[in-house]
Amino acid sequence: MNLHKCPTIEEFKGLLKKHSLKATPQRLAVHQAMMELGHACADMVTEKIKEDGTSKVTVASVYNILTHMAMLGIYHYRMSANNKMYFDVNTFKHIHFYDHHNHVFTDVIDDDLVALIESHLSRKRVRGYKIEGIDIQLIGRPSRKKYSV
């Protein structure tokens, strides 16, 4: 698997099998939509699946699939400022940029910066806690009107 790519459909099928789950048409349709969208909420994934006509799904079933995949570590999830759960198909170490005006997440791939931050924080102690991971999110908004959605 490429270090900076989400799982292909075949790799996704392997992950499902590893967790004793069937590669149902709905799960495959959700993953295909997530591969194209990258970061999305259940509404967006449902809309994409309906546009593609690949499977019959409801928002509730899509949300359940996304949540289950996140619980298994196949996807990650992020809460947006508008209180919507967004799922991330990319589980490799990376930084997120969150446009709080348009409620859009974008991946920032900078392995050197992530390694530098991890190295620095690995030497720090938070009293009473063991650091299990680092989640970096930059927050901004479009600097020009033409970038607003």
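Answer yes or no: is there a residue in the range 109-129 that is over 21 Å from Gln32 (Cβ atoms), in contact (Cβ under 8 Å) with a residue 60 or more places away in the chain, open to solvent by 30 Å² or more (accessible area, probe 1.4 Å) and not basic (Lys, Arg).
yes
Show me the strands (runs of 3 or more DSSP E) entirely contained within the range 30-149 in which 3 or more residues are within 23 Å of Pro7 (Cα to Cα) and under 17 Å from the mean Cα position of the chain (by Cα).
It comes to 76-79, 85-88, 95-99, 104-108.
Please determine whether any residue of the range 67-75 is polar (S, T, N, Q), open to solvent by less than 70 Å² (accessible area, probe 1.4 Å) and touching a helix residue (DSSP H, G or I) at 6+ places or on another chain (Cβ under 6 Å).
Checked the range 67-75: no residue is polar (S, T, N, Q), open to solvent by less than 70 Å² (accessible area, probe 1.4 Å) and touching a helix residue (DSSP H, G or I) at 6+ places or on another chain (Cβ under 6 Å).
Filter the range 1-42 down to the residues that are closer than 17 Å to Thr91 by Cα and of a type in the set (Gly, Ala, Ser), then identify the one that is surrounded by the fewest Cβ atoms within 10 Å (Cβ to Cβ).
By that ranking, first place goes to Gly14.
Going residue by residue through the range 47-61, is there one that turns out to be open to solvent by 50 Å² or more (accessible area, probe 1.4 Å), under 30 Å from Arg141 (Cβ atoms), of a type in the set (Val, Ile, Thr) and in contact with a strand residue (DSSP E or B) (Cβ under 6 Å, 6 or more places away or on another chain)?
Looking through the range 47-61, none of the residues is open to solvent by 50 Å² or more (accessible area, probe 1.4 Å), under 30 Å from Arg141 (Cβ atoms), of a type in the set (Val, Ile, Thr) and in contact with a strand residue (DSSP E or B) (Cβ under 6 Å, 6 or more places away or on another chain).
The values are calculated or read from the model by the stated rules, or taken from the named source; none is laboratory data. Quick caveat, the model's predicted, so the values are computed rather than measured. Ideal geometry is used to build each Cβ from the backbone, glycine not excepted, and the neighbour counts take in all protein chains shown. We work out accessible area using only protein heavy atoms, side chains counted, and drop any ligands, DNA or RNA first. Shrake-Rupley method; radii C 1.70, N 1.55, O 1.52, S 1.80 Å.
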